[in-house]
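One structure is given below, encoded as structure tokens.
Every number in this text was worked out from the coordinates using simple rules, so none of it is lab data. Not measured: the values here are computed from a predicted model. All Cβ positions, even for glycine, are placed from backbone atoms using ideal geometry, and neighbour counts span all protein chains on display.
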RNA sequence: GGGCGAUUAGCUCAGUUGGUUUAGAGCACCUCGUUUACACCGAGGGGGUCGGGGGUUCGAGUCCCUCAUCGCCCACCA
């Protein structure tokens, strides 16, 4: 090889180069292949018109790490990308854009509007997917899916019809959450409750035929217009005399009954409640129970309707102000107090939702969700971290019916066809032809024509399509080969915020339509926050542009930075310094490799190998460390502790390989090159490191991999094999012995530093080895001291007398002395030894305390007791040595 | 209002079923240093008694109780 390599690593060039190469060679593409086991991940589809934000960066980095490792492990890895049509969000954007052009949605036909929506989607759709390529995402782009693709659309409609036929879907008038801005119903999950500072208005209602008043309290005085009763608790003795009376609604002077219901909390306010059945969930129930009139005093857009009689056409919040003035003038406003309460806001439009009675389509959830609950609780589907099981269970046990219809145009249109005015005069069918046949039959009218049928205007909730994602992205919704092969998927990586919107519902759909779980593991990421702990968001403007970050630090740098500090489920306090750490790491790796190339001989063909020199302790140690790391990293992956895995790879490369292995591999004399065999091993080890690194930092690892040897396309790192743990290479003795030398060398350096001696001053080393094989290890590896510590004479002798005026250390049971003569600070050294003695004495006191305690010796396991005895033995031995040493300083 | 989870060095986090030295890592910090890759570096170092209190145990950061603080989820108290 011996290619010239640049002295600086430039991620922007390297990353584009390899991404193109990977794409050209179709490494990310997967086809059904029954000789290989599939590994499947479906991307949480971002909104089709969305742009990449930091949350996506984190989330997709994790998916890519999992996918790349699986690919290297030999699985048929398939990461399916795609986008969500995001019904309400996209429609809102299109409406806004049209409005800016002076076009109102209401001026357009459904078809015209949808044409605009498709234009918008074509123009902005998929930008986010292009951005993901910059991150290195190894998605199978040939499989890019969209929830409005024809085949996907069909599957959604099929499921609707199927659930309707199973009587799981029904149509009914209920109180729903109404978004007065988007003009649509919302599911409970789409309502965000926020605590706000509001006012509690105390308003008095006159009792009919009396001078007496009752006072009610409300936070929404405008709803007085819809009042049809006042309610008190029958047990409330203060109001017994009002039983059967009527009250006058202020301003309107409408007579309404005073009803009795123990729903009313006597402790709250005055114990009197105004009842507005059309505009409050509870009041609706009261109205049903007591047969009250229901006055719909508000238009869909939040203005007062004709039925409200007063303030007609005014906005609800303007009316709130005005009515409180008017009530005050009429003398009915008793008190206004500050009040904190929770108000529901639309998740998408952020306007205050209005409870509203409305005819909508519903999905019965109770039965459907049973298997979904059980299979998470019994860990058939594993949540990482598992604490989210509790949250999940709580929701699933209290699941309520799902309002699935939306008064929007962008989405899958509900396949219901009406042939009459009655609530039941409809049929559900896939096509109008089928609908006609069914309608003729149901209505008993054979003369019905297709033109007599009117399709439901509403579309389905976005989540009613995305809950099929792990199934419908593949061909053959019900039975065909492809979905059978790839489903169930392996891992889902997503945010806990959409556990109910999406995760729970995918599990439900999975069991209903595949009879099986949709994925085996769910990895919940945290929220990416800024330094002040605020969630990064576009509206706050506190999020860096991911593409700028990539340009600055390289995708590898950001990937590493993010992964380094976020265990599953933990928030990521993002700061660009973590990316800096990532790019520093790239630089370190690059320079380590560059150093090797600088030590190659001209014209030599190197053959990287892991066949080490068995006589070399450092070789045996590094091979063992690599194997140890492979084992630990595999274990971390099994537990979805990606950050721990990365930290271990980081430390293996930086600490073990660069700081110790390379330092010891350096030729003895300046200008000398590595001998061939040594270089082959150094490169072979480097290859192993690049394999371990590749899932985390795919670009630099591939770059170096390709430099190490000339490779054919099928030998690219991203399709090479993941290192396998090899028990035989896990030489624990080598690790123990080498660690002992490392610690002793560090101690020697410390002695030099404490004596203020320059690294250029040659110092003698005298080792008095301890037990076991220490003597051999020290005498055989003199060279390590010489390389890492400017060593004069080197002596290993079990019988040596401690030289005078020496700095010393004890590692395990081996003593090391460095004669320092005048450079030794006698007083300081005496204190150091004394401190050590104190430390050991304290330590031994604890150990002896245990060993002298009969309860401990009798109750603790033998191994624990034995361990304490060993500690005592070693501690006492070392204490003895220290006391000897101290004598020289007295 | 109900439920869940957290609280370990300045910061971000490890710490497996209670028992390897008197609690670890990375970053940050301090000192020294341009020695044959890398100052985006090297060598060395300081720093926590594990939120407070109580309990169980021969032994607790690790189990139990309690208090405090923070976070998350759910919920129709006007």
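Laid out as a table, the results:
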read-out	value
Calculated [θ] (222 nm, deg cm²/dmol) that DSSP helices of n ≥ 4 give over chain A, each run adding -39,500 (n - 2.57)	-13000 deg cm²/dmol
Nearest 10 degrees, 0 to 90: helix A:826-851 Cα axis against chain A principal axis	60
Relative exposure of A:702, A:516, judged by other C-beta atoms within 10 Å (fewest first)	A:516, A:702
Neighbour-count order for A:140, A:262, fewest beta carbons within 10 angstrom listed first	A:262, A:140
Protection proxy ranking, peptides A:834-843, A:126-135, A:521-530, average beta carbon neighbours within 10 Å, highest first	A:521-530, A:126-135, A:834-843
Cα-based helix-to-principal-axis angle, A:862-887 vs chain A, degrees rounded to 10	50
DSSP-defined beta bridges in chain A - what % are antiparallel, rounded to 5	70
For region A:418-476 versus region A:848-866, the gap between their alpha-carbon centres in whole angstrom	77
Peptides ranked, highest mean first, by Cβ atoms within 10 Å: ranges A:502-513, A:280-291	A:502-513, A:280-291
Whole-Å distance, taken between Cα centres, linking region A:379-395 and region A:126-178	24
Sorted by Cβ neighbour density within 10 Å, fewest at the top, the residues A:118, A:22	A:118, A:22
Whole-Å distance, taken between Cα centres, linking region A:17-51 and region A:702-780	39
Gyration tensor (Cα) of chain A, equivalent ellipsoid semi-axes in angstrom	70, 37, 24
Mean Cβ count within 10 Å, highest first, over the residues of peptides A:176-182, A:148-154	A:176-182, A:148-154
0 to 90° range, to nearest 10: angle between helix A:110-124 axis and chain A longest Cα axis	10
